[in-house]
Amino acid sequence: MILGIDMGGTHIDGAAIEKGVLLASVKHQVNRDDYFLSIWQCLEELIYQTGRRDITRIHLSTTICTNAIVEGQVSEVGLVLQTGPGLKWPFERMGDTVVYLSGSVDHRGKVVRDLDMEELRRARGRLLASQAGALSVVCKFSTRNPVFEQRIRDYFEDSYDDITMGHTLSGKLNFPRRVQTAYLNAAVSRTFRLFAGHMREALEREGIRAPVFVLKADGGTIDFTSALRKPVETILSGPAASFMGMHALSEADRSDRVLLDIGGTTTDLFFLVDGVPVFEPLGIEIDGRKTLVRAIFSQSVGIGGDSRVFFDNGKLQIGPRRLGFAVAFGGDAVTPTDALVYLNKMEGKYPGKSRRALEALASENDLSAGQLADLIVTRMCGRIREEIDRILQRLNASPVYTIEELLRDRMIRPRAVEVIGGPAKALAGYLEKALSMPVFCPAHHAIANAIGAALAKPTVEVHMIADTERKTVSIPELGIYQPIDRQYTQKRAEQFALSEVRKAGASLGLTEAQTEPEIVESSCFNMVQGYGGGMEKNIRVKAQIRPGLLYKLERDEV
Amino acid sequence: MKAANRLGLILFPAFDWAISPTHPEREERLLYTQDQLLEEGIEDIEGVEFFNPGIASDRDINRVHFCYPGAESLVTESHRIAAGGVMRAFDAVLSGETDKSFALVRPPGHHAQRVVYGDRGFCIVNIEAVGLEYARQKYGDMRVAIVDTDCHHGDGTEDIYWNDPDTLYISFHQDGRTLYPGTGPVEDLGGPGAYGYNVNIPLPPHTGDAGFLYVLENVVMPILDEYKPALIINSAGQDNHYTDPLTNMNFSAQGYAALNERLNPDIAVLEGGYSIQGALPYVNTGIVLAMAGLDYSGVCEPDYHLGKWTQPEQVTRQVQQIARHVIALWQSREELSARVIAGLETVTRRRRVYYDTAGIMEYQVQEFNVCHACPGISTVRSKNDRGASMIGVTIPRNACHACREEGYRRFEVMKGQGAKKIYLQDRSQDEYFVSSS
Ligand SMILES: [Zn+2]
Ligand SMILES: [Zn+2]
């Protein structure tokens, strides 16, 4: 039995699932004074409802770290940066105390200039005198050669509990994002460690030995131990939970599709291509900080079931503000939900009041109530369609770097739409018309997020480089920097990457079949020394656990 | 971080294409440039946008070149994409999407001339010219200056715009007596319709930052101020760099960036440059930042501090001498032009063109009609040592009525003259014809 918990801004959902069958579900308000207690009550209730304790895994999607960041309840962080030559970003604004060190490595990972030990001594003095309780060490091109980050870490190890090294967080190149990611990681380390501590104690007390996994923004999970090292990975997992939930509940084919989560104020859009989520190109943004944390691409449109409907100079407007509930559910302002109630597409609590409000707004603007209701619903679907088209245009223009890709011209062309959220069923017919695609409304959408959390599978992505001149192979994400010989080939590199991904999958409790290790990109560059000199190889392989679900929820049995 | 100028980048490293596995023009060429740009966080600068290249069609290529036997067989996808990248760069700027654009594409193009039998100096298609002529047809004719900062003389671009007064070609290059392709003396000033609008600035080996910036300030900028182009294009070859394996100059990344800042081009196009680890990542970053109007002072090559790149005294004096010579010619271009054309109906130019990469020798005679109402039609008769022969007639974009008629008439006449292919390039109506015998 897998237990999945998703803690959102206001609600916390829980689901117990076994072999694709939903055994129990719960939904509560979040207790904002005690996040841990909210989670724990949810778990207890699932155990109580199923009457079973044979839990194989517990999957948590939490806002613990996200809230800490957004509310500013984070540790003060000292940033130790080796910026090397290049573009001068405003690094001093990225940490609480920022110190700069000289020395650099180049794009190949070759050391250009060494650290200055005297400078390092002075930096320590400044940091120890500051309020910084955690440290992030980030060097330019550290993913290519982490030697300086490691030496600096060693130097500070005795003075700080939480030291984050930039290269451990992502193999992608983007120094300013690496700095931001490392800052956030150090900033939330303490918060997450405390939460994890509570969780472990409680589980121990109850005699539950199931491993705990935490949902990430890319829709994958990581184990508690890894999450303690990289708590930044747990931020903004909410949209991922909702995406994975829809994915779990959706039709099981691999055609491109759009996923819509229609809430009260906003509608979230996601895309599924070849059965795999579309990711943000670089990473998620939180609190004005752009990171390298991989995330499922999602876009919020300011239009939802409770958006305020009004006329501005005779023009119908929907949202982006929400004034409260729909009139049909006790509010005061007309909303799309009221239009749907009027059109008999959904039930309202106060249908009479809702109708009167709609009629009043209609007559003020020389419309019949029926015309207005139609207009609202059509406009809402039109807005969603415009947004989908706009996003597709952008996603389909993503840069490519090979002739093969440019000529292949792989475009995302959605063939169907999955919708969840309050007005999903009521809107389906209208959406179908507006989008000219079949629209599906998965069942159990009220707890889709918890189901998504429960069925998410661990993900690992690695960026490997083998450089036969430097005679090293590196996988920053796994901390691998190993010697190789000059005869190393692309094929061996791919096999090595796959075997490391497989190993990582096994350590996260996946079977070989579930891991589905795959090569995402692979290229081999001849490096010629000077003009017509000797030939070496620069091999680059990107591999991953195929992102997705442990398994799909069986639709018929639930 | 926000760019002062909105900049479009067409970064297309063509990671799956090489002339041959160890050729300088191979997959690896822009690998470290891309690494450097990504590590610097270029993708996150507000106002810097990335665009994929388009693909140049046969028509786009025939607008500029006489391809023998034809564009469809001679020009590969990689060349069409490099040219398509430059077309995209023009679109970005002329449609107002961005203020400036930089096409980081490969292979380069500035050695590709009007007639193309194959690869010369790693070029088959003149990517700047294909982009520019495409843009002129799409957005209307305009006065343009191409400033070529590649170390090699851009003999292809010179040839294509030799007789076009609305395209000022200025080339900085290492003196042709010391480097491929050997052309580019100060005295080559252009055809009768554009005499003085081909500006060659041959520089001595070991010219450094000071020399380049001196020439820019004292020759190029005054000429541009007077010419007042609607668009400035930088053929941004990076082989003047002190680490380049094929050349002998002392230019640095800081120098390239400063030049670019001062020149302030609308569009830059990567040309040559084969120090792919030691120069390109830094020079390209410098140019990108300079174009975006950002602080580039932190850009620096790993070995720059060694400081052996200042130019020798003697070079400084030579550079100043050349600068004086070039500017004097520019100032007297009208008298010189009148003297050259006086009493002539046509001007003839004989050339031998060697295709180093393809190993072909070409012999050609170019004939320019002197017209006082327009730049006049031109005819090129060419044959090569592989038995090919062709004649091409070009009607300029702004041809007068008489010249256009004459162009079509000549095309018909040439068909009977025994060449294997006859071409007509009617740029005035954007029509291109070929006839085989
Ligand atoms: Zn060159
Ligand atoms: Zn004329």
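For segment A:472-527, which residues satisfy the criterion of being of a type in the set (D, E) and within 14 Å of chain B (Cβ to nearest Cβ)? Give the steps one after another, and end with the answer.
Looking only at segment A:472-527, we keep the residues that are of a type in the set (D, E), and these are A:477, A:485, A:494, A:500, A:512, A:516, A:518, A:521.
Across segment A:472-527, the qualifying residue is only A:E521.
Considering (1) part of a helix (DSSP H, G or I); (2) in contact with a Ser or Thr (Cβ under 7 Å, 6 or more places away or on another chain), say which one A:L269 fails and leave the rest.
(1)
Any residue in segment B:24-37 that is without any contact (Cβ under 8 Å) to a residue 12 or more places away in the chain, within 21 Å of the chain's Cα centre (by Cα) and at the interface with chain A (Cβ under 10 Å from one of its Cβ atoms)?
At the first step, the residues of segment B:24-37 found to be without any contact (Cβ under 8 Å) to a residue 12 or more places away in the chain are B:26.
With the extra rule that they be within 21 Å of the chain's Cα centre (by Cα), the set shrinks to B:26.
Then keep just the ones that are at the interface with chain A (Cβ under 10 Å from one of its Cβ atoms); that gives B:26.
Yes: segment B:24-37 contains one or more residues that are without any contact (Cβ under 8 Å) to a residue 12 or more places away in the chain, within 21 Å of the chain's Cα centre (by Cα) and at the interface with chain A (Cβ under 10 Å from one of its Cβ atoms).
In the set B:A129, B:A112, B:A92, B:A194, which member is of a type in the set (A, V, I, L, M), within 16 Å of ligand 2 (Cβ to nearest atom) and buried (at least 22 other Cβ atoms within 10 Å of the Cβ)? Break it down stepwise before answering.
Working: B:A129 fails: within 16 Å of ligand 2 (Cβ to nearest atom); B:A112 fails: within 16 Å of ligand 2 (Cβ to nearest atom); B:A92 fails: within 16 Å of ligand 2 (Cβ to nearest atom).
Only one candidate passes the filter, namely B:A194.
Cβ-Cβ below 8 Å, separation at least six or inter-chain, first residue in segment B:103-131 and under 24 Å from B:I287 (Cα atoms), second more than 15 Å from ligand 1 (Cβ to nearest atom) and acidic (D, E): which pairs?
So the pair list comes out as B:V130/B:D60.
Having 2 or more residues that are under 16 Å from the mean Cα position of the chain (by Cα) and among the β-branched types (V, I, T) is the bar; report the strands (runs of 3 or more DSSP E) wholly within segment A:133-241 that clear it. Full working, then the answer.
Values: elements: A:134-139, A:163-165, A:212-215, A:221-223.
So the answer is A:221-223.
Mind listing just one residue for me: the one in segment B:283-319 that is assigned to a helix (DSSP H, G or I) and among the hydroxyl-bearing types (S, T, Y) and, of those, nearest to the other protein chains (Cβ to nearest Cβ)? Spell out the reasoning first.
Step one: list which residues in segment B:283-319 are assigned to a helix (DSSP H, G or I), which gives B:283-292, B:304-306, B:313-319.
Subsequent filtering for residues that are among the hydroxyl-bearing types (S, T, Y) retains B:285, B:304, B:316.
Working: B:T285: 7, B:Y304: 9, B:T316: 27 Å.
Out of the qualifying residues, it is B:T285.
Just give me the residues in segment B:266-287 being more than 16 Å from ligand 1 (Cβ to nearest atom) and touching a strand residue (DSSP E or B) at 6+ places or on another chain (Cβ under 6 Å), in sequence order.
Scanning segment B:266-287 gives B:D266, B:I267.
From A:I284, A:I296, A:I318, A:I303, which residue is within 14 Å of chain B (Cβ to nearest Cβ) and either crowded, with 20+ Cβ neighbours inside 10 Å or of a type in the set (D, E) (or both)?
Of A:I284, A:I296, A:I318, A:I303, the one residue that is within 14 Å of chain B (Cβ to nearest Cβ) and either crowded, with 20+ Cβ neighbours inside 10 Å or of a type in the set (D, E) (or both) is A:I284.
Quick one: which residue in B:S382, B:S332, B:S378 is among the hydroxyl-bearing types (S, T, Y) and either within 16 Å of ligand 2 (Cβ to nearest atom) or in contact with a helix residue (DSSP H, G or I) (Cβ under 7 Å, 6 or more places away or on another chain) (or both)? I'd like the intermediate steps shown before the answer.
Working: B:S382 fails: either within 16 Å of ligand 2 (Cβ to nearest atom) or in contact with a helix residue (DSSP H, G or I) (Cβ under 7 Å, 6 or more places away or on another chain) (or both); B:S332 fails: either within 16 Å of ligand 2 (Cβ to nearest atom) or in contact with a helix residue (DSSP H, G or I) (Cβ under 7 Å, 6 or more places away or on another chain) (or both).
The unique qualifying residue is B:S378.
Quick one: which of A:E149, A:E233 is away from every other protein chain (no Cβ under 14 Å) and under 19 Å from A:I58 (Cβ atoms)?
Values: A:E149 fails: under 19 Å from A:I58 (Cβ atoms).
Unique residue meeting the criteria: A:E233.
Could you give me the residue pairs with C-beta distances under 8 Å whose first residue belongs to segment B:357-382 and is touching a residue at least 12 places away in the same chain (Cβ under 8 Å), whose second residue is within 9 Å of ligand 2 (Cβ to nearest atom) and of a type in the set (F, W, Y) wherever it lies, and which are 6+ apart or on separate chains?
none
Are any of the residues in segment B:212-229 within 16 Å of ligand 1 (Cβ to nearest atom) and either within 27 Å of A:Q529 (Cβ to Cβ) or not assigned by TED's automatic domain parsing to the domain that holds B:H325 (or both)?
No, because not a single residue in segment B:212-229 is within 16 Å of ligand 1 (Cβ to nearest atom) and either within 27 Å of A:Q529 (Cβ to Cβ) or not assigned by TED's automatic domain parsing to the domain that holds B:H325 (or both).
So that you can scan it fast, the table gives a plain yes or no per residue for (1) in a strand (DSSP E or B); (2) exposed (fewer than 13 other Cβ atoms within 10 Å of the Cβ); (3) at positive phi; (4) free of Cβ contacts under 8 Å to residues at least 24 places away in the same chain:
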position: A:G95; (1), (2), (3), (4): no, no, no, no
position: A:V98; (1), (2), (3), (4): yes, no, no, yes
position: A:H107; (1), (2), (3), (4): no, no, no, no
position: A:V112; (1), (2), (3), (4): yes, no, no, no
position: A:L115; (1), (2), (3), (4): no, no, no, no
position: A:E119; (1), (2), (3), (4): no, no, no, yes
position: A:A123; (1), (2), (3), (4): no, no, no, no
position: A:L127; (1), (2), (3), (4): no, no, no, no
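Of the residues in segment A:378-417, how many are of a type in the set (V, I, T) and more than 24 Å from B:H79 (Cβ to Cβ)?
Quick first cut of segment A:378-417, residues of a type in the set (V, I, T) only: A:378, A:384, A:388, A:391, A:400, A:402-403, A:412, A:417.
Keeping just the survivors that are more than 24 Å from B:H79 (Cβ to Cβ) gives A:378, A:384, A:388, A:391, A:412, A:417.
Of the residues in segment A:378-417, 6 are of a type in the set (V, I, T) and more than 24 Å from B:H79 (Cβ to Cβ).
The values are calculated or read from the model by the stated rules, or taken from the named source; none is laboratory data. Keep in mind that this is a model prediction, so the values were computed, not measured. Glycine also receives a Cβ, built like all others from the backbone with ideal geometry; neighbour counts cover every protein chain displayed.
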